[in-house]
Amino acid sequence: AQSVTQLDSHVSVSEGTPVLLRCNYSSSYSPSLFWYVQHPNKGLQLLLKYTSAATLVKGINGFEAEFKKSETSFHLTKPSAHMSDAAEYFCVVSDHRRRYGGSQGNLIFGKGTKLSVKP
Amino acid sequence: ETGVTQTPRHLVMGMTNKKSLKCEQHLGHNAMYWYKQSAKKPLELMFVYSLEERVENNSVPSRFSPECPNSSHLFLHLHTLQPEDSALYLCASSQDPPGQGGENTEAFFGQGTRLTVV
């Protein structure tokens, strides 16, 4: 069975300092992994995607994530936080061979990490 | 912005009303989804339409009724809702349907409809 755990429900950083949002996953197969961002009262926007190519994935807005199979992790980082980065971030695991399953379907969402950025 | 457009953005309805949410995708994708996002709960998949096939989450009440007239349009018909149905309803699409072996199963989301049932 697949699962995803976002280790922090809330992360607070100062503007200009690095961001680290942690995600661990569990998958029986070679998974695809994604990070999404959601600003208040908006839909989810895809930040980046890993599908078994390069283990370091670069996304939009200066974010990147590194796939570490030995640690079953896919942490999201950014060297320098901006005020506009304040939002909720979701780590998602997908087995593209899996059709549907329960209330999550083939995309398994983490519970989200709320990022606050202080001036 | 994402190629998935939802209307209306906000909806307030009484428990005896009937309303519909609309979603349109301009990406040429082959699968469309309805998700429900409630406060402090994980995102919940409600329905999937994939290459004309509908799959639903069996826990979704019958007061929610989806319709997919073609691959670009998706509706969610609402009737006799309850206050606990108040949530953000998100439509999404993906290029590849889930479980078909394609790698492009990431979902592209609309902005959502904020539904309040009074």
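The values are calculated or read from the model by the stated rules, or taken from the named source; none is laboratory data. The structure displayed is predicted, hence computed values, not measured ones. So basically every Cβ, Gly included, is an ideal-geometry build from the backbone, and we count neighbours across all protein chains shown.
Structure notes:
- Filtered residue count, the stretch B:71-118, keeping only those that are more than 14 Å from chain A (Cβ to nearest Cβ) and over 29 Å from B:T16 (Cα atoms): 2
- Of the residues making up the stretch B:102-118, those that are in a strand (DSSP E or B) and either hydroxyl-bearing (S, T, Y) or under 22 Å from B:N17 (Cβ atoms) (or both) are B:T113, B:R114, B:L115, B:T116, B:V117.
- Residue check for A:A81: assigned to a loop (DSSP other than H, G, I, E, B), modelled with pLDDT of 90 or more and crowded, with 20+ Cβ neighbours inside 10 Å: yes
Residue-wise test of (1) in a strand (DSSP E or B); (2) within 12 Å of B:C91 (Cβ to Cβ); (3) in contact with a Phe, Trp or Tyr (Cβ under 6 Å, 6 or more places away or on another chain); (4) not aromatic (F, W, Y).
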position: B:K19; (1), (2), (3), (4): yes, no, no, yes
position: B:K22; (1), (2), (3), (4): yes, yes, yes, yes
position: B:G28; (1), (2), (3), (4): no, no, no, yes
position: B:W34; (1), (2), (3), (4): yes, yes, yes, no
position: B:A39; (1), (2), (3), (4): no, no, no, yes
position: B:Y49; (1), (2), (3), (4): yes, yes, no, no
position: B:R54; (1), (2), (3), (4): yes, no, no, yes
position: B:N58; (1), (2), (3), (4): no, no, no, yes
position: B:S62; (1), (2), (3), (4): no, no, no, yes
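- Yes/no for A:L20 being in contact with a Lys or Arg (Cβ under 9 Å, 6 or more places away or on another chain) and either surrounded by fewer than 18 Cβ atoms within 10 Å (Cβ to Cβ) or not in a strand (DSSP E or B) (or both): yes
- Residue match in the stretch B:6-18 (condition: at the interface with another protein chain (Cβ under 10 Å from one of its Cβ atoms), buried (at least 16 other Cβ atoms within 10 Å of the Cβ) and at pLDDT below 90): no
- Enumerated strands (runs of 3 or more DSSP E) restricted to the stretch A:33-76, each holding at least 2 residues that are more than 14 Å from every other protein chain (Cβ to nearest Cβ): A:56-58, A:64-68
- Sub-9 Å Cβ pairs linking a first residue in the stretch B:47-74 that is under 19 Å from B:H29 (Cβ atoms) and aliphatic (A, V, I, L, M) to a second residue that is modelled with pLDDT under 90 and exposed (fewer than 14 other Cβ atoms within 10 Å of the Cβ), at least 6 apart or interchain, are B:V48/B:R54, ordered by first then second residue.
- Checking every residue in the stretch A:3-13 against the condition of being outside any strand (DSSP E or B), surrounded by fewer than 21 Cβ atoms within 10 Å (Cβ to Cβ), in contact (Cβ under 8 Å) with a residue 24 or more places away in the chain and more than 14 Å from the chain's Cα centre (by Cα) gives zero matches.
- Residue in the stretch B:76-85 that is of a type in the set (V, I, T), farther than 27 Å from A:H39 by Cα and not in a loop (DSSP other than H, G, I, E, B) present: no
- Only one of the listed residues (B:S65, B:S59) is facing chain A (nearest Cβ under 8 Å), surrounded by fewer than 21 Cβ atoms within 10 Å (Cβ to Cβ) and in contact with a strand residue (DSSP E or B) (Cβ under 9 Å, 6 or more places away or on another chain). That residue is B:S59.
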